[in-house]
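Contents: one structure, followed by commentary.
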Amino acid sequence: MTASPLGPLSEDGLVRLLTPAGERVASAAYDEHASSLTTDTLRGMYRDMVLARRFDVEATALQRQGELALFAQALGQEAAQIGSAYALAPQDHVFPSYREHGVALVRGVDLVDVLRLFRGVDHGGWDPLAHGFHLYTLVVGAHPLHATGYAMGVQRDGLVGTGDPATDMAVLTYFGDGSTSQGDVNEAMVFAAVNQAPLVLFCQNNQWAISEPTTSQAIAPIANRAPGFGIPSVRVDGNDPIAVYAVTAAALERARTGGGPTFVEALTYRMGAHTTSDDPSRYRSSEQEQYWRQRDPIDRLRLHLEALGELPEVFQAELADEADALGERLRTEVRAMGRPAADQMFEHVYATPHAVVDAEREWFGAYEASFEGSAR
Amino acid sequence: MTTTETRPAVGAPSGVQRLTFAKAINAGLRRAMADDPSVMLMGEDVGRLGGVFRVTDGLHAEFGSSRVVDTPLAESGIVGTAIGLAMRGYRPVLEIQFDGFIFPAFDQITTQLAKMHYRSRGALTLPVVIRVPYAGGIGAVEHHSESPEVLFAHTAGLRVVSPSSPAEAYEMIRAAIASPDPVLFFEPKVRYWDKGEVDLGPETGAEAADPAILDKARVVRAGTDLTLVAYGPTVATALAAAESAAVSGTSIEVVDLRALSPLDLPTVAASVRKTRRCVVVHEAPVLYGAGAEVAARLTEECFYHLEAPVLRVGGFHIPYPVAKLEHEYLPSLDRVLDAVDRAMGF
């Protein structure tokens with residue numbers, strides 16, 4: 001027996017279509033999927049990456065000002081998120097973990113609503129069915145099973161492999177390197193494989209599960225696990241939006257046409273802290289952070305578009321204005337988010353009346369009313 | 001891929017029949033599947049085998065492998081994928097093979113299934129039924145005789161019910177499947193072979209099941225001197241105790257709770273205001289059990305009506321013992337009568 005020659009953070013063999021300097025390199029396997037990206041679309045991706053970055057910066061500042069209880073940044077993962085989200089069809093469904101803000105943006109979720117959870121006024125914040133973008137899941141690794149079940153439902157609805165691109169569906173679930181150690185993620189692969197579910201398992205390996213490096217989760221590339229379940233896998237440079245798009249588009253196409261599940265591992269880097277409560281200086285080196293800052297995904301796409309002469313100053317100026325406007329709207333609307341009425345905590349516990357909840361709600365209402373007019 | 005099959009319930013069992021508890025659930029499942037193509041069964045060995053207790057017997061042959069799904073051997077996966085299927089509009093009815101095997105799924109049930117309606121502020125409903133053969137009395141090996149129902153009753157967002165007779169089992173499984181809320185459906189496996197009359201209704205066009213029936217406790221025997229509160233496997237024990245006590249002149253009323261969530265306290269309290277004495281009987285350990293909840297609430301609601309403290313008969317604070325000792329562990333007829341005597345002695 002020989003151990004894998006590659007460690008879990010190896011950059012060898014990653015699918016890469018853009019170098020860190022923004023030069024397009026050829027890939028026989030993925031050029032066809034990448035070719036569907038027009039320069040307009042690439043500019044759209046760039047715009048969304050810049051806006052997602054601005055969202056991160058503003059939300060982090062709002063947390064520091066005491067306006068949010070907590071925030072989980074996606075800083076540095078913009079290419080992994082926006083590149084993959086651009087490959088989705090409108091009818092597809094996404095099951096995110098909890099820092100897929102860039103995907104939320106692409107799916108049309110108002111980013112203000114994403115902050116409801118972090119402000120503590122809502123456990124969700126948006127209608128998951130309206131956007132095909134399900135609620136964040138804070139129990140690490142619980143949701144890939146939901147995605148698998150949803151995909152099994154799509155199969156039963158006869159919406160796989162009919163050849164109609166307007167209705168054939170796929171399901172994509174995002175999770176991190178740490179969550180691949182959870183039993184549920186592995187069970188999701190078992191169920192997805194035996195059902196040949198139309199599913200893409202998208203692992204953003206951002207190298208850190210709070211303070212634990214990926215080497216605490218695996219000794220070989222995480223993507224190597226999937227073939228053991230009978231699920232083909234691919235490792236992609238997660239800071240290369242074009243490669244992420246192409247790899248995800250191929251996996252989604254495979255799912256939609258009845259080819260079954262695919263595991264995508266996007267190697268990226270969590271440039272920020274795990275959340276605003278975390279302090280990465282306690283466990284990782286500034287040299288490592290510096291190395292990955294030089295591989296910033298936004299810089300990479302900017303350099304590429306600039307080299308093509310496709311990033312005119314007027315576009316950049318408009319984008320800067322748009323980002324400023326987003327920032328201002330976030331600040332205004334988050335600060336305006338009031339405390340929910342206390343009685344609201346009793347709503348939607350059950351879909352049909354429940355005598356105990358109803359009685360407690362009634363008691364609570366009377367208790368609160370007993371203070372009316374007092375100095376409380 | 002697979003397609004949804006709908007088959008008319010032609011030739012389906014109908015009318016009043018004498019059935020075992022297991023067959024009654026089977027008939028309820030068949031009726032629900034025939035009435036609603038979104039209903040599907042999932043679990044380990046529920047397909048060709050018909051489940052280890054044969055509760056799903058014949059349903060795979062009738063409805064096919066897309067609707068009666070032999071799953072991988074992974075309880076968390078069963079519940080987790082059922083959540084996704086329910087989000088897609090299906091009504092999965094899951095079988096957890098034995099009570100002691102539900103714990104791998106505990107996280108999916110309590111953090112996901114129970115809370116999705118709440119956290120989505122009503123945008124998502126998860127009509128998932130989890131059938132659990134539970135409790136002891138069949139001489140089983142370790143982890144096959146447990147009563148974990150209160151762990152789920154303690155979690156908001158779940159409904160927790162347990163039928164006590166074949167007729168109840170048929171009505172309640174249909175109601176559970178019709179409920180838009182997740183339902184933990186605890187089946188007392190020691191009763192699977194009990195027979196009783198079950199009204200299966202007409203062959204076609206039966207009245208739709210009403211989930212509201214799950215919320216109500218039921219007085220199953222009238223009496224005047226003491227109320228025995230039980231659910232699931234211990235209802236039969238309570239009825240036997242009432243029969244026995246009647247010989248010595250004590251008139252016992254028996255209330256079948258049927259549901260632990262919601263708890264129908266008004267029905268219990270109305271009985272206790274009349275009888276002034278109450279004993280709660282369940283197989284689950286007494287410590288922090290359903291009896292503790294009933295006793296505390298009766299103390300609040302009927303303090304001045306009580307002639308005696310509310311007593312409890314149930315499991316000890318020990319792991320479920322070896323099969324050769326389960327007779328001593330379980331709340332037997334004698335132990336119930338002992339508690340009745342103590343309550344009457346106040």
Filter region B:165-177 for residues that are farther than 11 Å from residue B:213 by Cα and out of contact with any Gly (no Cβ under 6 Å at 6 or more places or on another chain); which is surrounded by the fewest Cβ atoms within 10 Å (Cβ to Cβ)?
-> B:177
Number of the condition not met by residue A:141 [criteria: (1) modelled with pLDDT of 95 or more; (2) more than 21 Å from residue A:347 (Cα to Cα); (3) out of contact with any Ser or Thr (no Cβ under 7 Å at 6 or more places or on another chain); (4) part of a loop (DSSP other than H, G, I, E, B)] = (3)
Residue count, region B:288-334, condition surrounded by fewer than 17 Cβ atoms within 10 Å (Cβ to Cβ), in a loop (DSSP other than H, G, I, E, B) and touching a Gly at 6+ places or on another chain (Cβ under 9 Å), comes to 1
(1) within 19 Å of the chain's Cα centre (by Cα); (2) more than 8 Å from chain B (Cβ to nearest Cβ); (3) hydrophobic (A, V, I, L, M, F, W, C); (4) closer than 13 Å to residue A:258 by Cβ all hold for residue A:138 apart from (4)
Can you tell which of A:60, A:19 is of a type in the set (S, T, N, Q) and either touching a helix residue (DSSP H, G or I) at 6+ places or on another chain (Cβ under 9 Å) or surrounded by fewer than 17 Cβ atoms within 10 Å (Cβ to Cβ) (or both)?
-> A:19
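When only residues in region B:259-277 that are part of a helix (DSSP H, G or I) and of a type in the set (Gly, Ala, Ser) count, which is farthest from the other protein chains (Cβ to nearest Cβ)?
Let us first name the residues in region B:259-277 that are part of a helix (DSSP H, G or I), namely B:265-275.
Still in the list and also of a type in the set (Gly, Ala, Ser): B:269-271.
Working: B:269: 12, B:270: 14, B:271: 17 Å.
That would be B:271.
Is region B:37-47 home to any residue that is at positive phi, surrounded by 23 or more Cβ atoms within 10 Å (Cβ to Cβ) and among the small types (Gly, Ala, Ser)? Write out each step before concluding.
Of the residues in region B:37-47, the ones at positive phi are B:43, B:45.
Filter once more, keeping what is surrounded by 23 or more Cβ atoms within 10 Å (Cβ to Cβ): B:43.
Still in the running and among the small types (Gly, Ala, Ser): B:43.
Yes, region B:37-47 has at least one match.
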Can you spot a residue in region B:40-57 that is modelled with pLDDT of 95 or more, under 20 Å from residue A:137 (Cα atoms), in contact with a strand residue (DSSP E or B) (Cβ under 7 Å, 6 or more places away or on another chain) and within 11 Å of chain A (Cβ to nearest Cβ)?
-> no
Complete set of residues in region A:141-167 that are more than 11 Å from every other protein chain (Cβ to nearest Cβ) and either under 25 Å from residue A:97 (Cα atoms) or of a type in the set (Gly, Ala, Ser) (or both) | A:163, A:166
Which condition number in (1) aliphatic (A, V, I, L, M); (2) out of contact with any strand residue (DSSP E or B) (no Cβ under 6 Å at 6 or more places or on another chain); (3) crowded, with 24+ Cβ neighbours inside 10 Å; (4) at the interface with chain B (Cβ under 8 Å from one of its Cβ atoms) is the one that residue A:115 fails?
-> (4)
Out of A:108, A:44, report the one residue that is assigned by TED's automatic domain parsing to the domain that holds residue A:318 and either surrounded by 19 or more Cβ atoms within 10 Å (Cβ to Cβ) or in a helix (DSSP H, G or I) (or both).
-> A:44
Can you find a residue in region B:83-100 that is of a type in the set (Phe, Trp, Tyr), more than 8 Å from chain A (Cβ to nearest Cβ) and touching a residue at least 12 places away in the same chain (Cβ under 8 Å)?
-> yes
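Take residues that are over 21 Å from the mean Cα position of the chain (by Cα), closer than 24 Å to residue B:189 by Cβ and not polar (S, T, N, Q) and tell me which of the strands (runs of 3 or more DSSP E) falling wholly in region B:9-102 contain 2 or more.
Values: elements: B:16-20, B:39-43, B:68-70, B:91-95.
In region B:9-102, the matching strands (runs of 3 or more DSSP E) lie at B:68-70.
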Quick one: residue A:339 ticks every box in (1) in a loop (DSSP other than H, G, I, E, B); (2) surrounded by fewer than 20 Cβ atoms within 10 Å (Cβ to Cβ); (3) touching a helix residue (DSSP H, G or I) at 6+ places or on another chain (Cβ under 9 Å); (4) not hydrophobic (A, V, I, L, M, F, W, C) except a single one, so which number is it?
-> (3)
So which pairs qualify, if the first residue must be in region B:261-286 and on the phi > 0 side of the Ramachandran plot, the second must be in a helix (DSSP H, G or I), the Cβ gap must be under 9 Å, and the two must be at least 6 apart or on different chains?
-> B:276/B:302; B:276/B:305
Yes/no for residue B:238 being over 30 Å from residue B:276 (Cβ atoms) and in a helix (DSSP H, G or I) | no
For region A:342-355, how many residues are hydrophobic (A, V, I, L, M, F, W, C), part of a helix (DSSP H, G or I) and under 27 Å from residue B:176 (Cα atoms)?
-> 3
Would a scan of region B:18-39 turn up a residue that is without any contact (Cβ under 8 Å) to a residue 12 or more places away in the chain, more than 14 Å from chain A (Cβ to nearest Cβ) and within 21 Å of residue B:172 (Cβ to Cβ)?
-> no
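Going by what's in this entry, would residue B:114 be described as closer than 19 Å to residue A:346 by Cα and either modelled with pLDDT under 95 or facing chain A (nearest Cβ under 10 Å) (or both)?
Numbers: closer than 19 Å to residue A:346 by Cα: yes; either modelled with pLDDT under 95 or facing chain A (nearest Cβ under 10 Å) (or both): yes.
Yes, satisfied.
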Only residues that are part of a loop (DSSP other than H, G, I, E, B), at pLDDT 95 or above and not hydrophobic (A, V, I, L, M, F, W, C): list them for region B:191-232, please.
-> B:192, B:194, B:216, B:223, B:224, B:225, B:231, B:232
Conditions (1) assigned to a strand (DSSP E or B); (2) within 14 Å of chain A (Cβ to nearest Cβ); number of the one not met by residue B:155 | (1)
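The values are calculated or read from the model by the stated rules, or taken from the named source; none is laboratory data. Because the structure is a prediction, the values reported are computed rather than measured. Cβ: placed from backbone, ideal geometry, glycine included. Neighbour counts: every protein chain shown.
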